[in-house]
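Step one of this worksheet: look at the structure below.
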Amino acid sequence: MGWAGTRGRFIVAAMVGLTAMGWAAPGVVLGQQTSSQGPGLTPQGGGAQGNIGASDALANTAAGVHPLQAALDVANKGLASIDANIQDYSATMVKRERIDGKLNEHEYMFIKIRQKPFSVYLYFLGPDSVKGQEVIYSQGQNDGNMLAHAGSGVRAMVGTVSLKPTSMLAMSGNRYSIMEIGVENLTRRLVEVAEHDKQFGECEVNFYPNAKVNGRVCTCIQVTHPVPRRNFRFNLARVFIDDEYHIPIRYEAYDWPQEKGGQPVLMEEYTYMNVKINNGFTDADFDPRNTAYKFGMK
């Protein structure tokens, strides 16, 4: 979940238009270098091992407590921790989303996020089609718009464009707007979905300790809705909570298999790697006039 850029489309569309987070198939261990992105850019998710939490879930069910309540408790504690302990953070964000039935390739970007006022800077690392693009959004600035420019080629000739974050052009190739990017927004979205799903049964929740995402020790929470229902948004979802930072650093969601006995279908996956918290970001980090950036604004 989360916004990862506009894939060059909204700039190319200004002439022609301007995303990466994702999830792997259940049990798959990521980390095989399958692209030319270079070392350290491929998300490595540890396969979920063990099954702690199952007995607790059964006990809670017997006591009339929904299986999702334990996951909600973790998420709400995470929100409180973020609010109390994290002012800003940088990371390498990897995003993959299915748009209009097509699963897009992974996109990689360096991100800076400040919590208050909510501010985002993105620099696209790959693939080559979007490399060098920059995007800035800062709450209360630039008339509420996001600013972006392409990295190279003919698209770069368009220069910096200003777009409403939820406009058709800005949302092209994205499941979520830039205003929804980041670990706090991801956590809030997970809480909203879980609160909704608590109204219904047919829900299995398991906790897996000592899962790893790029060497970070996490607790993986897996939620499964075995039977397709209009009430539910996914068949299977996994969220990896960093044990040190208490934030979600990976999320995956799958639709139900397209045929009986088939594999769940990846809808979206998002990974935050190389997270560094409390960098002391200032307004200059989210200012398009920053000479370290290439927005071409004075």
Residue match in the range 262-278 (condition: under 17 Å from residue 110 (Cα atoms), modelled with pLDDT of 95 or more and part of a loop (DSSP other than H, G, I, E, B)): yes
Let me confirm something: among 82, 136, 113, which residue is touching a Pro at 6+ places or on another chain (Cβ under 9 Å), closer than 21 Å to residue 179 by Cβ and surrounded by 18 or more Cβ atoms within 10 Å (Cβ to Cβ)? 136
Tell me, which strands (runs of 3 or more DSSP E) wholly within the range 122-201 include 1 or more residues that are farther than 24 Å from residue 104 by Cβ and in contact with a Lys or Arg (Cβ under 9 Å, 6 or more places away or on another chain)? 134-138
Among the residues of the range 257-266, is any touching a Ser or Thr at 6+ places or on another chain (Cβ under 9 Å) and either of a type in the set (Ser, Thr, Tyr) or surrounded by fewer than 19 Cβ atoms within 10 Å (Cβ to Cβ) (or both)? no
Restrict the check to the range 242-262 and report whether at least one residue is under 18 Å from residue 137 (Cα atoms) and in contact with a helix residue (DSSP H, G or I) (Cβ under 6 Å, 6 or more places away or on another chain). no
Under the condition of being surrounded by fewer than 24 Cβ atoms within 10 Å (Cβ to Cβ) and of a type in the set (Ser, Thr, Tyr), which residue from the range 212-255 is nearest to the chain's Cα centre (by Cα)? 254
Taking the range 197-254, which residues are among the aromatic types (Phe, Trp, Tyr) and more than 19 Å from residue 182 (Cβ to Cβ)? 200, 207, 208, 232, 234, 254
Can you name the number of the only condition in (1) more than 16 Å from the chain's Cα centre (by Cα); (2) under 23 Å from residue 277 (Cα atoms) that residue 122 fails? (1)
Identify, please: which residue in the range 64-89 is assigned to a loop (DSSP other than H, G, I, E, B) and of a type outside the set (A, V, I, L, M, F, W, C) and is, among those, nearest to residue 221 (Cα to Cα)? 67
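The values are calculated or read from the model by the stated rules, or taken from the named source; none is laboratory data. From a predicted model like this one, the values you see are computed outputs, not experimental measurements. Glycine gets a Cβ as well: all are built from the backbone with ideal geometry, and neighbour counts include every protein chain shown.
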